[in-house]
Amino acid sequence: MECGNYKTNYSKDMHLFRIPRVKLRIFIIVLLLFLLPLFTSNYVIGLATLCAIASIGAIGLNILTGFTGQISVGVGAFLAIGGYTSAILTSILGWSFWISLPLAGLVTAIVGGIFGIPSLRLKGLYLAIATLAAQFIVLWAIGRFSGLTGGGEGMVLQRPSIGSFTFSSQTSYYYLCLVILLLVTIYTLNLFRAKTGRAFLAVHHRDVAAQIMGIHLLKYKVVAFALSSFIVGIGGALLAHYTMIVTVELYSIDVSIQYLAMILVGGLGSVFGSILGAIFITLLPVALGYMIEFLTVYMPNAYSLLNSFQEFVFGLVIILFLIFEPGGLIHIWNNIKTYLRLWPFSY
Amino acid sequence: MNKIMEIKNISLQFGGVKALNDVSFHINEGEIFSIIGPNGAGKTSMLNCISGLYKPSEGEIHYKGKNILPMKPHQRTKLGIARAFQNIALFGSMSVLDNLKLGRHTLMKSGFIKSGIYWGAAEKEEVQHRRKVEEVIDFLQLQDIRHTPVDKLPYGLQKRVEVGRALALDPELILLDEPMAGMNASEKEEMSRFILDMLELKNITVVLIEHDLEVVMGLSNHLVVLDFGKQIGFGTPKEVQQNPDVIKAYIGEELTI
Ligand SMILES: Nc1ncnc2c1ncn2[C@@H]1O[C@H](COP(=O)(O)OP(=O)(O)O)[C@@H](O)[C@H]1O
Ligand SMILES: [Mg+2]
């Protein structure tokens, strides 16, 4: 179908979106996301903000797990490090959010990099267990150093501001998160069409051949851990300044599993898949909540029963996805696109 | 003649099995050198020792006068030693172009910051290396499939991409582990042509593993013969063909050209 578009030079041949139609579609989607606050309520914008933050974290995790093939069940811990770092820097030291945000990423990257070192020796399930250790060690440390972290009380954070303007409204904070998501998305898409991203993919698919290509396995695995953690840490800091509170309970193993579910449902090794998965997993409980409310109108006595079914349905949806669409939402989306493009007949 | 590589008394053990037993030979700069021997003789193991995937229990391997055994595989690649695997080890879901670009990994500089920002330094580098990769594509006639994911390609073409990925490094020494396995006569002839051109046009020293004796004797300047991990012959094709140990090992096989 693209045969009419003869690629005139290599730079063009390697563009992010080679086809004008795709470029236009992406532009329209981004535009709609920016216009969203004009035609929705604050409640919806709040959900959209959570989706954007989850998308950032999911892209971070996907870089490590989906693209580089290193399983991590420690995302919760790395979100916590991002959130707590920013909380300590802004609330205790009184530093600006704009400095604390990248520093939160950096601190998370360093801790993530350190937890990535065992990946040279450990693979698959064994590595997963090692990252699970990160989850417990980090949460333990947060509880242990309660002088700094507020222990069980947690910490209170402020919304960021520029000059006299504070991002206190839902809409303004949504825009902040959206812009950062956009930057993370572009960064990641670029990464995988240049040297570093290709090396990540090589490490994932054939680590022996990767070494023979001259790829330093430990270096690239640690970089993947650090980079992934940096982005997750940024997500953690954004979440903390959104909810304006950090406590240990917010970062349990459940959170780690949810993020894994996002990239599994969205599509391993896909940037757009990460976003679709993050939206799906964030909105699924909301949608289930609505459904239960709706059903209780007709079956008033069934509320508690239905409510307890919520987690069951959540798990079921994920399992069904893994069985029937292992390619994830991004695969479904691509199939729909192909279908529409060929409909009613190919041109 | 300059020796580009010297194999000195290499032994390699797997449990009780001696995969290589006191093997010594040398490879001259600017020649086609072959390793032959029946299946399980230790040919691939020898290449694995050269590229650093196996650690020999004894001996030394010198590349341009320097013992490379303490070096990691990725460091040896940086010296300009490239390798095409016997069992195709391409990155299956990636395109031919990306596989070839991975072959140039050590020649590229962009780290994770420049890679992610892309516009500017990384883009310039990508374009510049794309040009080099296109030379390999022209050389091996892969023009029509450059954007195809390699696992969609037929076996013969995958073999060729495997060789191309090694060539993309612009190596000084290329290790080709049975690049013609499973090919018919005309495909073998084509690959032989490529191998000769590597040396003549690109000045790459070639180490070749191949079972077809007619092809090997025709192509090689020197060769070494392995049998059950032991070196039973080393020299020019003529010398090897007259070696009684080799004749004994190859009983029943045609040794004349
Ligand atoms: N990783 C390994 N572990 C155990 N044995 C091995 C390994 N690699 C090779 N061998 C053994 O070493 C011998 C030589 O194998 P190989 O070098 O692959 O032979 P060739 O390439 O000449 O067919 C065989 O007996 C093989 O079983
Ligand atoms: Mg072999």
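Bear in mind these aren't lab numbers, they're just calculated from the coordinates by the rules spelled out. These numbers were taken from a predicted model, which means no experiment stands behind them. Neighbour counts are summed over all protein chains in view; Cβ atoms, including those assigned to glycine, are modelled from backbone coordinates with ideal geometry.
So the values come out like this:
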read-out: Kirkwood estimate for segment A:1-152, i.e. one over the average of 1/r between Cα atoms, Å; value: 19.0 Å
read-out: Hull shadow area, averaged, segment B:20-151 [alpha-carbon convex hull, nm²]; value: 10.6 nm²
read-out: Bridge type composition, the protein assembly as shown - antiparallel percent by DSSP, nearest 5; value: 60 percent
read-out: Violating pairs (Cα-Cα greater than 23 angstrom) within the set A:LYS12/B:LYS124; B:LYS18/B:LYS188; A:LYS221/B:LYS114; value: B:LYS18/B:LYS188
read-out: Likely footprinting exposure, A:LEU329, A:LEU33, fewest C-beta neighbours within 10 Å first; value: A:LEU33, A:LEU329
read-out: Coordinate range along principal axes, alpha carbons of segment A:213-273, Å, largest first; value: 46, 24, 21
read-out: Near-label residues of segment A:259-289 by backbone N, under 20 Å of a point 7 Å along Cα→Cβ of A:ASN307; value: A:284-289
read-out: Neighbour-count ranking [beta-carbon atoms within 10 angstrom, fewest first] of B:PHE91, A:PHE27, A:PHE314, A:PHE324; value: A:PHE324, A:PHE27, A:PHE314, B:PHE91
read-out: Sequence ranges A:55-61, B:234-240, A:41-47, ranked by mean other-Cβ count within 10 angstrom, highest first; value: A:55-61, B:234-240, A:41-47
read-out: Rounded to 10°, Cα long-axis angle of helix B:185-202 versus longest principal axis of chain B; value: 70 degrees
read-out: Ratio Rg/Rh [Cα only; Rh per Kirkwood] for the protein assembly as shown; value: 1.06
read-out: Listed residues A:LEU120, A:LEU38, A:LEU191, most fluctuating in chain A (Gaussian network, C-alpha, under 10 Å); value: A:LEU38
read-out: Estimated FRET transfer efficiency (A:LEU31, B:ASN67; beta-carbon r; R0 51 Å; 0.05); value: 0.25
read-out: Relative contact order for chain A, counting Cα pairs under 8 Å that sit 6 or more residues apart, in percent; value: 29 percent
read-out: In nm, spacing of pseudo-spin labels at A:VAL156 and A:LEU93 (7 Å Cα→C-beta vector); value: 2.2 nm
read-out: Within chain B, percent of DSSP bridges classed antiparallel, to nearest 5; value: 55 percent
read-out: Descending semi-axes in Å of chain B, equivalent ellipsoid built from Cα gyration tensor; value: 33, 21, 16
read-out: Contour minus Cα-Cα distance for A:HIS331 and A:VAL22 (0.36 nm per residue); value: 109.6 nm
read-out: Per-q log10 I(q)/I(0), segment A:41-342, q = 0.07, 0.12 Å⁻¹ (Debye; single scatterer per alpha-carbon; no solvent); value: -0.28, -0.81
read-out: Exposure proxy order (Cβ contacts within 10 Å, fewest to most) of B:LEU226, A:LEU16; value: A:LEU16, B:LEU226
read-out: Segment B:92-170, relative contact order in percent, only Cα pairs under 8 angstrom and at least six apart counted; value: 56 percent
read-out: Entries in B:LYS202/B:LYS248; A:LYS195/B:LYS78; B:LYS8/B:LYS238; B:LYS64/B:LYS202; A:LYS23/B:LYS101 that, when Cα-Cα distance is taken, lie over 27 Å; value: B:LYS202/B:LYS248
